[in-house]
1. Step through the residues of region 115-122 one at a time and calculate ³J(HN,Hα) from phi using the Karplus curve (6.51 cos²θ - 1.76 cosθ + 1.60, θ = phi - 60°), rounding each to whole Hz and writing x for Gly and Pro.
2. Sorted by average packing, counted as other Cβ atoms within 10 angstrom per residue and highest first, what order do 184-193, 125-134, 318-327 take?
3. Take E140 and R469, extend 7 Å from each Cα along the Cα→Cβ direction, and tell me the distance between the two endpoints in nm.
4. Need one number: nm distance between label points at T330 and L480, each 7 Å from Cα along Cα→Cβ, rounded to one decimal.
5. Any idea what Rg and Dmax come out to for region 110-258 if you just take the C-alpha atoms, in Å?
6. Output the antiparallel fraction of DSSP beta bridges having both residues in region 370-502, as a percent to the nearest 5.
7. Amide H neighbours of V411 under 5 Å, at least 5 residues apart or on other chains, H built in the peptide plane: list them.
8. Residue-wise, which Karplus ³J(HN,Hα) couplings in Hz belong to region 87-101, taking 6.51 cos²θ - 1.76 cosθ + 1.60, θ = phi - 60°, and x for glycine or proline?
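The values are calculated or read from the model by the stated rules, or taken from the named source; none is laboratory data. Here the structure is a predicted model, which is why all the values come from computation and not from measurement. Cβ atoms come from the backbone with ideal geometry, glycine included; neighbour counts cover every protein chain shown. These area figures cover heavy atoms from the full protein model, side chains too; ligands, DNA and RNA do not enter into them. Shrake-Rupley method; radii C 1.70, N 1.55, O 1.52, S 1.80 Å.
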Amino acid sequence: MPTALATRAPSSVSVDVDPPLLQHYIDGEFVATAARFENRSPVTGQLIAAVCEAGPAEVDRAVAAARRALAGPWGEASVEDRAAILYRVAAGIEARFEAFVAAEVADTGRPVEQARRLDVARGVANFRAFADLIKTAPSELFESRGPDGATLLNYVSRKPLGVVGIISPWNLPLLLLTWKVAPALAMGNCVVAKPSEESPSSATLLAEVMRDAGVPPGVFNLVHGFGPGSAGEALTRHPDVAAITFTGESRTGSQIMKTVADGVKEISFELGGKNAAVVFADADFDAAVEGVRRSSFTNAGQVCLCSERVYVERPIFERFVAALKARTETMRLDYPDAPGVDMGPVISHKHRDKVLSYYRLAVAEGATVVTGGGTPLFNDIRDAGAFVQPTILTGLPDDARCVTEEIFGPVCHIAPFDSEQEVIGRVNDSAYGLAACVWTTDLSRAHRVSRRFHTGLVWVNTWFTRDLRTPFGGTKLSGLGREGGRHSLDFYSEITTICIRL
Ligand SMILES: NC(=O)c1ccc[n+]([C@@H]2O[C@H](COP(=O)([O-])OP(=O)(O)OC[C@H]3O[C@@H](n4cnc5c(N)ncnc54)[C@H](O)[C@@H]3O)[C@@H](O)[C@H]2O)c1
Ligand SMILES: O=C/C=C/C=C(\O)C(=O)O
């Protein structure tokens, strides 16, 4: 019988206490605090670990350590030095690849295969990508003539921002934490990272790798805790934190924006979405069915890029709904290491209840539940987990709450459309603007509609394929700014333009 994988305790965890204790990492040391909270398996509800909770005092210690590190050798490190350390961090994650897989799986209950292929693989890739980037990123220099005819050299000098606060969510814990830590360190900053309270394990392991890779004390600091009234809020309020890079819910982003406003801190936000998938009648039908199944149900729908809105051109609408229903009903919900598992639980009972409340709301709003709409029954310990059924809805109006609000679970609503003009208008009629995906074999149409979507990202005949050199982010309630490639270099550095008269 497959079982929920237990996390092999990293040495940063005090295993001499029961349950294991996850600690903060401040100034190169693992630090325990008396305030603690529980970390439970979403597969079985069993206790995985106790986690130390940081408050303003610990955040202040971490920020002070970061400032000291900036004033030390790290502040003078060359691009080559920083790249070498980032390559060592990438190698360190690789050397403990399976421990990171076990940590991600323990916290989130996701299929082991996904944790390997996506989460941990991207943890390694993120550090390598930004190490590569700083070694090849060009500088800017413009030569001009002054009013007196003298030659003027105008060039750009980049310096670190200083201490960067990183606040990350639980849905892709290691991927999203390292997506911010890597470029922040690459540009010479020091960081204080606060992972989600729902997914502390891989971040704690990352701190070990940082230490073992020779990242100087104070350069990378980790504090565990919650948002309001806890480590998260303390980090956003700290006067010596120069910038906050945040990934999470839109309403949390709004709250953080208000908190940092008085200090006019730099902010980069990657927020919520209510993404659309558009399937034209000329699409490769089987590819579109499988593509929409992936974009709706990957990670139990807990990816900011997932398609919760699906629009299908009317001539194939009924056939598409039937085919997606049939494909969805073959999906296996199971333990993370079960052979052929397709989907695990959502992150917590609290989130499960939120998703189920939307399933009930959909019915109340008049939806047809094509498949799913509830929870699976295992008749074993998994019934104490947070599993919900992958669900397909039809029949709702575009202004229904289930079609406008982010649910962040394994659910999509499918509606027919009759013209390109109509579907573009419906896709754009959203408070969010993160991602869209389009299925069509007419590539002129693909270019045409993609350029008219009010989103930061569009995939055509694919989904969630990533080139880390490209800008990533959303518009409207989906975020502020872009990260990725040189866009990360721009956000994580302070730019000075220098003009020299020759
Ligand atoms: N755009 C993207 O790239 C992207 C990526 C992943 C997730 N997301 C979004 O994240 C959400 C799911 O993640 P979540 O539930 O962890 O989001 P969340 O906003 O509840 O929490 C995110 C992080 O912020 C912290 N936090 C909460 N309130 C805070 C406050 N007032 N001050 C400081 N920190 C605070 C939390 O402790 C957590 O670490 C979804 O909306 C999803 O769309 C977006
Ligand atoms: O849940 C949201 C996923 C975000 C993914 C990235 O930020 C990325 O692929 O770099």
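1. Each residue of region 115-122 in turn: 4, 5, 6, 9, 4, 6, 4, 6 Hz.
2. Result, highest mean first: 184-193, 125-134, 318-327.
3. Computed distance between label sites E140 and R469 equals 2.0 nm.
4. Result: 4.6 nm between the two label points.
5. My reading of the Cα-based Rg and Dmax gives 18.7, 68 Å.
6. 35 percent
7. Under 5 Å from the amide H of V411 lie the amide H atoms of T391, each far enough along the sequence or on another chain.
8. Karplus-based 3J(HN,Hα) across region 87-101 equals 5, 5, 5, 4, 5, x, 5, 4, 5, 10, 3, 5, 5, 5, 4 Hz.
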